[in-house]
1. Ratio to report: Rg/Rh of region 50-142, with Cα atoms as the point set and Rh obtained by the Kirkwood method; give two decimals.
2. Roughly how many whole Å is it from the C-alpha centroid of region 1-52 to that of region 171-203?
3. In terms of the Cα gyration tensor, with a ≥ b ≥ c the square roots of its eigenvalues, is region 139-181 rounded because a/c is under 1.5, prolate because a/b exceeds b/c, or oblate?
4. If you restrict to DSSP beta bridges whose two residues both lie in region 1-117, what percentage is antiparallel, to the nearest 5?
5. Label region 115-274 by shape, choosing from rounded, prolate and oblate, from the square roots a ≥ b ≥ c of the eigenvalues of the Cα gyration tensor; if a/c is under 1.5 it is rounded, and otherwise prolate applies when a/b is larger than b/c, oblate when it is not.
6. Where both residues lie in the chain, what percent of DSSP beta bridges are antiparallel, nearest 5?
7. Let me know the whole percent of all Cα-Cα pairs from region 6-72 that are separated by more than 14 Å.
8. Compare the peptides 231-238, 2-9 by average per-residue count of other Cβ atoms within 10 angstrom and give them in order, highest first.
């Protein structure tokens with residue numbers, strides 16, 4: 001395996017902003033020449049990026065046979081759109097090096113948990129906007145995400161909002177911009193196929209966040225797979241003992257999201273190759 005960092009800093013980035021990249025080595029006896037890339041955006045309420053949803057999650061995707069990356073994006077006091085531009089820079093660099101790094105450029109998947117889910121979903125809704133390409137001096141098509149995986153994401157700034165995430169993301173512009181970043185209202189045909197999971201018992205980011213997004217995706221005929229688990233509070237990550245800190249898990253049933261997302265990935269990959 002190769003491990004290295006990408007510089008993703010933008011004009012208002014924090015000094016720690018970086019993308020950690022994990023590449024599976026090619027081998028003569030393995031016929032697979034290119035692999036998907038899964039970019040992980042940890043949660044943390046836009047106040048930090050949680051270790052519980054970072055490398056340990058990336059290693060799960062590596063074990064499935066995919067390349068992986070973890071974006072340590074800028075959080076408060078950095079404000080929108082700093083983090084989303086860092087994610088755009090990550091996608092652009094990964095796609096530009098796809099041949100060198102044995103990545104399938106049409107299989108770049110954005111993954112996010114909690115507030116990182118809001119970042120991932122925001123990117124998958126805004127990637128085709130002119131301002132994003134202009135900020136990175138590129139073409140929108142090079143920023144296209146091919147899939148999205150969300151775990152208990154922050155989505156709405158309305159009745160079921162995780163208000164703190166939006167306040168950290170927007171700072172002094174909270175009141176002026178919160179509605180524009182309520183993502184159930186921003187879905188459209190630009191959003192890639194999506195895998196999504198949540199729990200009924202999540203009291204921090206209510207399940208209505210996911211329900212609102214699923215309804216929006218279905219209304220726009222975006223392929224979506226949604227799993228709602230009965231048990232488990234917020235921030236489960238892997239939902240097993242490896243991420244069982246601060247009262248988060250383990251929850252055996254919710255841990256099923258890992259083999260479920262692998263099957264979702266494999267069905268998509270196989271479908272592309274047919």
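Here, each number is a calculation from the coordinates, and none is a lab measurement. Everything numeric here is computed off the predicted structure, so don't read it as measured data. Glycine also receives a Cβ, built like all others from the backbone with ideal geometry; neighbour counts cover every protein chain displayed.
1. Numbers: Rg = 13.4 Å, Rh = 14.1 Å.
Using only Cα positions, Rg/Rh for region 50-142 is 0.96.
2. One Cα centre to the other: 23 Å.
3. Working: a/c = 2.85, a/b = 1.55, b/c = 1.83.
The shape class here is oblate.
4. Details: 10 of 20 bridges.
Here the antiparallel bridges make up roughly 50 percent for region 1-117.
5. It is oblate, given that a/c is not under 1.5 and a/b is not larger than b/c.
6. Values: 10 of 36 bridges.
The antiparallel proportion sits near 30 percent.
7. On the way: 1360 of 2211 pairs.
For region 6-72, the share of Cα pairs beyond 14 Å comes to 62 percent.
8. Working: 231-238: 22.1, 2-9: 13.6.
Answer by packing, highest mean first, reads 231-238, 2-9.
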